[in-house]
Amino acid sequence: MNFSKELKTGVLIVCTIALGIYGLNYLKGYDLFSTSDEYYAIYPDANGLLESNPILINGMHVGKIQRINFVDDNSGRVIVKFILTNTEFKIPNDSRALMASLDLLGAKGIRIMPGTSATYLQDGDTLATGTEDGMVDRLSKELIPTKQKAEHLISSIDSTLQQLNKVLNGGGSASLQQILINLSKTTSDVNDLLASEKTRLNHIFANAESITLNLRNNQDNLTAIMKNAALMTDSLAKSNLKSTIANADKSLAELTKTLNQINSGKGTLGKLIKDDTLYNNLNTSAKDLDKLFIDIKEHPSRYVNFSIFGGKKESK
Amino acid sequence: MSTISNYLYNIGKYGIFMKRVFSKPEKWGMYKRQFFIEVDSLAIGSLGIVAFISIFMGAVITLQSAFGFESPWIPLYAVGVASRDTIILELSPTIISLILAGKVGSSIASEMGTMRVTEQLDALEIMGVNSAAYMTLPKILACTIMFPFLITISMFLAILGGWIFGVLSGAVSSYEYIYGITHNFKVFNVYYSLIKSFIFAFLISSVSSFYGYYTKGGAVEVAQSSTKAVVYISVLILVFNYILTQLLLV
Amino acid sequence: MIELRNLNKSFGTKQVLKNINVKLEEGKCNLIIGGSGGGKSVMLKCMVGLLEPDSGAVFYGNTNFSELSIKQRKTFSREFGMLFQGSALFDSQTVEENIRFPLQMFSTMTPNEIKDRVNFCLEKVNLENANKLYPSEISGGMKKRVAIARAIAVNPKYLFCDEPNSGLDPHTSTVIDELISNVTEEFKMTTVIITHDMNSVIEIGDNIIYLHEGQVWWEGHKQQVLDTTNDELYDFIYASKFLKRLKKV
């Protein structure tokens, strides 16, 4: 077989490129020749998780992390894409992907806690997440607040002791003694009081108890009342109270204006009230009417001409 | 003083030689034909030794790492990590380049030297051919283009060899080795070492051509210039290895 | 016509060529003879540009070759054909490829024309059946003939031969001489031959230049050379006892 040099060169180049791509992907964690499933998990914080960190199920290494990116929504959360090369174990869909520390040095990984569901995750699904504290994490998480509390406590004890010292040194010990004596007396008084009033106190407590009992028994009613009240306020709030009030306000303002006009004697009503011409006129008219009626009474024939039968009769 | 000026003289001469080498070819077709001849003899002809050395180098580095890491504090997959990084960063680009410097460098230098001594280069010049360019440019191109491919094959085979012999000898389990070689892998390391091998290939082909081209005398001088070429190339590879590491990795 | 004017060349303190003034005739075999170390090869190399003269100039017709740039020289030297002492065939190429090489590199011939030209050149040197052989597979005389074929392939104006019959038996040597002479006449070339083979001198020396200690000591043609009165040339020609005996007869 006699290949040309060009052909040999071409074969070498193409084979090497293929080999290089395969090898590079293999080292990066993709095996081009094995089937694998992809899954996703979203965490608020990558927390040192790296690409190619392992995925474990019950301690079995089943895959690795392929890529870690920020979630698209700019929330700062990270989405972890991982592939499982060992797909014998089907993952129930209520499983959780816990971020875990794998050793003392802090190497991270994802531990899948299998759920109990009978339906299984499909290629490309996203798992529920959580965090599993490593030993070091747990220690530091618990130690730090404790330490802060202790520091705080120690400083307040210190200041208290200082105050106390001051009180004790500044001749306060005598008054302190007096206070203690008074306190003792007060407590004995209280004791006496309690002894003498014991029955009454008992009575009070019993009453209080029955009140609370009643309250509890009527809890349903109370709830209903409260509900009604709430309902009412709600509907009040909902009704057009505001606009109504505004309208009323406006009407009143109009009314005030009108009354003012009336008061000042403008318009018909104003004239009616302020101007007595009409009254005078009416009065004169009434008097005239009066006179007319008297005249009519005295001389009805002047005004009434009955003609029941026959034709018209000249009055005179 | 004289040695320093001698070095400077040679560097200048090398620079002028390179200028001649990279002048416009008389006829691309002839250079292309020569290029494939060189690829065949320099790169494809070196495949066997590169493959052989890579596999055994990978095996030895894996066994040695496994031997050195026998501590309960260090996880066994560290063997894979250490083998992978040593192979990709240093063994494949640098050691294989040194071996190619011996093989390819001496072959180029002695071929060119013999052509000089038997007046074949003069014959080219008389014909009106730029002998420096015609003889050297195809070699430089063949080496710089093909050696990164050889180094890629070498990396692949060395890691494969580490796996085969590591597992066969029981030094490391297959799972741990594979976990190790894929653990925290940085792709840039591969690019870095391909850049290195490209520059080493240029050094090997150009420096050996340079020493061969300026051979004077007979068989003894041809032997001397090929020895000189290999020595200087090895020194230059190590110096440039340091410089490139400093520039690219630190 | 090639003309050398006031050519000087020295290596270190040793002056190899001392003020050479020579005219080489067109269409003829110009022989440069002289003892070893007399500066013949250096002169030839200065002429073709493989060495730079310290001073002086080389003229090809009206062209001052010494003043041309490297690029112009490359173009100009395509009119050169050169036959090297060791033939200088390319080891990696067959006889045919060797002859084809300069044609492929520079000419605009089609592959078929090149093939015809290669066969024509091989025919000229009587080597019809050696096309596929490698230089390492053929004899010294054949190599010389292949080298001549390669030199004349590009149809050069100037043919330079550096000791064309060194290391050959007398018969092959004569064949080579005849070949050179024939192609010179046929293609109207200016041929420059370095030699110290007296047979060539007498057979083909149209114009003979005797170089001694870097200087031109004698100039003439083949009819004159045997009757020379120049002592150094006489010693050079009759260095062989065989010829001395012939002279006496």
When every residue in the stretch B:115-129 that is facing chain C (nearest Cβ under 7 Å) and under 19 Å from B:Tyr211 (Cβ atoms) is compared, the one surrounded by the most Cβ atoms within 10 Å (Cβ to Cβ) is B:Gln120
More than 18 Å from the chain's Cα centre (by Cα) and in a loop (DSSP other than H, G, I, E, B): does that describe C:Phe90?
yes
Go through the residues of the stretch B:96-103 one by one and say whether even a single one is within 14 Å of chain C (Cβ to nearest Cβ), at negative phi and hydrophobic (A, V, I, L, M, F, W, C).
no
Within the stretch B:24-54, considering residues that are open to solvent by 40 Å² or more (accessible area, probe 1.4 Å) and away from chain A (no Cβ under 14 Å), the one nearest to B:Pro148 (Cα to Cα)
B:Ile49
Checked C:Glu128, C:Glu26 against criteria (surrounded by fewer than 21 Cβ atoms within 10 Å (Cβ to Cβ), closer than 30 Å to C:Asp231 by Cα and of a type outside the set (Val, Ile, Thr)); the one match is C:Glu26
Filter the stretch C:59-71 down to the residues that are in a loop (DSSP other than H, G, I, E, B) and not small (Gly, Ala, Ser), then identify the one that is farthest from the other protein chains (Cβ to nearest Cβ).
C:Asn62
So C:Ser136 passes all but one of these: (1) open to solvent by less than 40 Å² (accessible area, probe 1.4 Å); (2) within 14 Å of chain B (Cβ to nearest Cβ); (3) in contact (Cβ under 8 Å) with a residue 24 or more places away in the chain. Which condition number does it fail?
(1)
Confirm whether B:Leu137 is away from every other protein chain (no Cβ under 13 Å) and either open to solvent by less than 10 Å² (accessible area, probe 1.4 Å) or not β-branched (Val, Ile, Thr) (or both).
yes
Restricting to the stretch C:13-58, what's the tally of residues that are at positive phi and within 14 Å of another protein chain (Cβ to nearest Cβ)?
1
Six or more apart or on different chains, Cβ under 6 Å: which pairs go from a residue in the stretch C:47-58 that's free of Cβ contacts under 8 Å to residues at least 24 places away in the same chain and assigned to a loop (DSSP other than H, G, I, E, B) to one that's of a type in the set (S, T, N, Q) and open to solvent by 50 Å² or more (accessible area, probe 1.4 Å)? Could you list them?
none
Pick from the stretch C:72-98 the residues that are more than 9 Å from chain B (Cβ to nearest Cβ) and out of contact with any Phe, Trp or Tyr (no Cβ under 8 Å at 6 or more places or on another chain): which of them is modelled with the highest pLDDT?
C:Glu96
Residue set A:Glu38, A:Glu6; condition more than 10 Å from chain B (Cβ to nearest Cβ), farther than 16 Å from B:Leu160 by Cα and of a type outside the set (Phe, Trp, Tyr); output residue A:Glu38
Could you tell me whether the stretch A:29-37 includes any residue that is at pLDDT 85 or above and either surrounded by 15 or more Cβ atoms within 10 Å (Cβ to Cβ) or aliphatic (A, V, I, L, M) (or both)?
no
Can you tell me which residue within the stretch C:208-243, out of those that are aliphatic (A, V, I, L, M) and in a helix (DSSP H, G or I), is surrounded by the fewest Cβ atoms within 10 Å (Cβ to Cβ)?
C:Leu243
Helices (runs of 4 or more DSSP H) lying entirely in the stretch B:107-189 (those with 1 or more residues that are touching a Leu at 6+ places or on another chain (Cβ under 9 Å) and over 23 Å from A:Asn25 (Cα atoms))
B:120-127, B:131-168
Residue that is nearest to B:Ser41 (Cα to Cα), among those in the stretch A:1-57 that are acidic (Asp, Glu) and within 48 Å of the chain's Cα centre (by Cα)
A:Glu51
Could you check, for the stretch A:153-173, whether at least one of its residues is within 39 Å of the chain's Cα centre (by Cα), surrounded by 10 or more Cβ atoms within 10 Å (Cβ to Cβ) and within 30 Å of A:Ala100 (Cβ to Cβ)?
no
State whether one or more residues within the stretch B:190-210 are farther than 26 Å from B:Val235 by Cα and either of a type outside the set (Gly, Ala, Ser) or within 14 Å of chain C (Cβ to nearest Cβ) (or both).
no
All conditions in (1) within 12 Å of chain B (Cβ to nearest Cβ); (2) more than 25 Å from A:Gln122 (Cβ to Cβ); (3) in contact (Cβ under 8 Å) with a residue 24 or more places away in the chain are true of A:Gly76 except (1)
Look through the stretch A:49-73, keep the residues that are open to solvent by 50 Å² or more (accessible area, probe 1.4 Å) and within 12 Å of chain B (Cβ to nearest Cβ), and return whichever of them is nearest to B:Tyr191 (Cα to Cα).
A:Glu51
When restricted to A:Ile83, A:Ile21, A:Ile17, the only residue modelled with pLDDT of 80 or more and open to solvent by less than 50 Å² (accessible area, probe 1.4 Å) is A:Ile83
From the list B:Val230, B:Val235, B:Val239, B:Val222, which one is open to solvent by less than 50 Å² (accessible area, probe 1.4 Å), over 25 Å from C:Leu51 (Cβ atoms) and in a helix (DSSP H, G or I)?
B:Val230
Does the stretch C:1-11 hold any residues that are at pLDDT 85 or above and open to solvent by 10 Å² or more (accessible area, probe 1.4 Å), and which are they?
C:Glu3, C:Arg5, C:Asn6, C:Asn8, C:Lys9, C:Ser10, C:Phe11
Please go through the stretch C:99-116 and give me each residue that is open to solvent by less than 80 Å² (accessible area, probe 1.4 Å), of a type outside the set (A, V, I, L, M, F, W, C) and more than 9 Å from chain B (Cβ to nearest Cβ), ordered by number.
C:Arg100, C:Ser107, C:Thr110
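Yes/no per residue for (1) within 16 Å of the chain's Cα centre (by Cα); (2) not aliphatic (A, V, I, L, M):
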{"residue": "C:Ala153", "(1), (2)": "yes, no"}
{"residue": "C:Phe160", "(1), (2)": "yes, yes"}
{"residue": "C:Asp177", "(1), (2)": "yes, yes"}
{"residue": "C:Ser181", "(1), (2)": "yes, yes"}
{"residue": "C:Gln224", "(1), (2)": "no, yes"}
Please list, ordered by first then second residue, the pairs with beta carbon atoms under 8 Å, 6 or more apart or interchain, first in the stretch A:14-28 and at the interface with chain B (Cβ under 7 Å from one of its Cβ atoms), second of a type in the set (Asp, Glu).
A:Lys28/A:Glu51
The stretch B:145-177, residues that are open to solvent by 10 Å² or more (accessible area, probe 1.4 Å), more than 10 Å from chain A (Cβ to nearest Cβ) and either polar (S, T, N, Q) or under 12 Å from the mean Cα position of the chain (by Cα) (or both)
B:Ser169, B:Ser173, B:Ser174
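The values are calculated or read from the model by the stated rules, or taken from the named source; none is laboratory data. Just so you know, these numbers come straight off a predicted model, no measurement behind them. Reconstructed Cβ throughout: ideal geometry from the backbone, glycine too, with neighbour counts over all protein chains shown. Note: accessible area is taken over every heavy atom of the protein model, side chains too, but ligands, DNA and RNA are not part of it. Shrake-Rupley method; radii C 1.70, N 1.55, O 1.52, S 1.80 Å.
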